[in-house]
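What follows is a set of notes on a single structure, which appears directly below.
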Amino acid sequence: MLNFRNIKIIVWKDLLEVKQNKSVIISLAMVPLIIMVILPLVFLILANQPGAAQSFNDPDLATFFANLPASMTAPMRGMNEIQLTLALLLGYMFAPMFLILPIMTSASIASESFAGERERKTLEALLYTPASDAELFLGKALAAFIPSILVSLLSFVLYTVVLNVGGFPLFGQIWFPFSPWYLLVFWISPGLAAFAVGLTVLISSKVQTFMGAYQTSSAMVVLVLGLVAGQAAGVLYLSNAVSFLIGFIVWLAAAILIFFAIQQFNRKSLLVQQAN
């Protein structure tokens with residue numbers, strides 16, 4: 001039987017340490033700022049420049065639009081060239097980039113869970129707490145999962161505001177988000193965060209340094225880049241059905257990984273590593 005009070009104490013302790021770690025806080029702020037604010041603003045500013053209509057007339061995007069499922073093209077019917085290009089780039093092709101946020105956020109925080117504490121020489125005291133191995137693991141995992149979800153939700157809100165406010169002179173209306181984004185934000189993103197947390201906590205309990213854990217777990221970004229490439233190449237479109245299926249697969253993988261990680265986690269082996 002899990003003692004949720006022990007889990008809550010571990011979560012609270014780790015969140016306080018995250019709050020005091022300036023490097024982690026900066027990374028949590030900078031990555032969403034660049035991806036969800038600065039990059040879309042650059043596109044919107046360029047679209048408002050003279051001659052933008054000619055520059056945004058891309059035959060590849062026209063082909064991409066023609067191959068989209070009808071459910072995805074419906075919100076863009078009647079748009080002019082600039083509006084259509086921005087809607088395709090920022091509304092659909094840019095969507096997988098959002099998934100970088102839960103991965104990077106959870107990897108950054110979870111890497112601190114054991115590898116960071118080992119570097120700070122604070123791991124031994126934690127391992128002697130009355131919490132069970134499962135409680136210790138879940139506490140560490142939740143301490144990374146919760147902030148990653150909050151960062152993702154806040155980033156989505158910022159992205160929505162930027163696109164609708166910055167794009168209002170061009171669109172003349174509130175045009176974003178498109179329906180697949182809701183599955184992206186509330187279904188796939190939490191699943192990826194759970195998977196990344198489980199993987200990173202497991203890795204950070206094995207390696208000696210924070211950077212080693214962070215670099216290994218952040219390799220998951222390759223999966224997101226695969227989605228970006230697949231959608232750009234017309235191999236895979238993040239429609240509602242596809243997004244639901246991807247989310248289901250991610251959640252299933254996360255559940256299996258976390259179950260396996262809990263079974264494998266052993267504080268005695270960490271004490272041996274700490275002694276070595």
> In what sequence, highest mean first, do 64-72, 136-144 appear when ranked by Cβ atoms within 10 angstrom?
Replying inline: 136-144, 64-72
> Quick one: if you stick a label point 7 Å off each Cα along the C-beta vector at Thr129 and Ala62, how many nm between them?
Replying inline: 6.1
> segment 5-86: which trypsin sites (Lys or Arg not before Pro) are DSSP loop and have at most 10 other beta-carbon atoms within 10 angstrom?
Replying inline: Arg77
>> Could you give each residue of segment 89-105 its phi-based ³J(HN,Hα) in whole Hz, using Karplus coefficients 6.51, -1.76, 1.60 with θ = phi - 60°, and x for Gly or Pro?
In response: 5, 8, x, 10, 5, 7, 4, x, 4, 4, 5, 5, 4, x, 5, 5, 5
> So how much slack lies between Met30 and Gln173, counting 0.36 nm per residue of separation and subtracting their Cα-Cα distance, in nm?
Replying inline: 48.6 nm
>> On a full-extension model of 0.36 nm per residue, what is the gain between Met97 and Asn164, subtracting their alpha-carbon distance, rounded to one decimal in nm?
In response: 22.3 nm
> Peptides 174-183, 91-100: what's the order by average Cβ count within 10 Å, highest mean first?
Replying inline: 91-100, 174-183
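We did not get these values from a lab; they are worked out from the coordinates using the rules stated. These numbers come from a predicted model, not from an experiment. For neighbour counting, all protein chains shown are included, and Cβ atoms are generated from backbone atoms with ideal geometry for every residue, glycine included.
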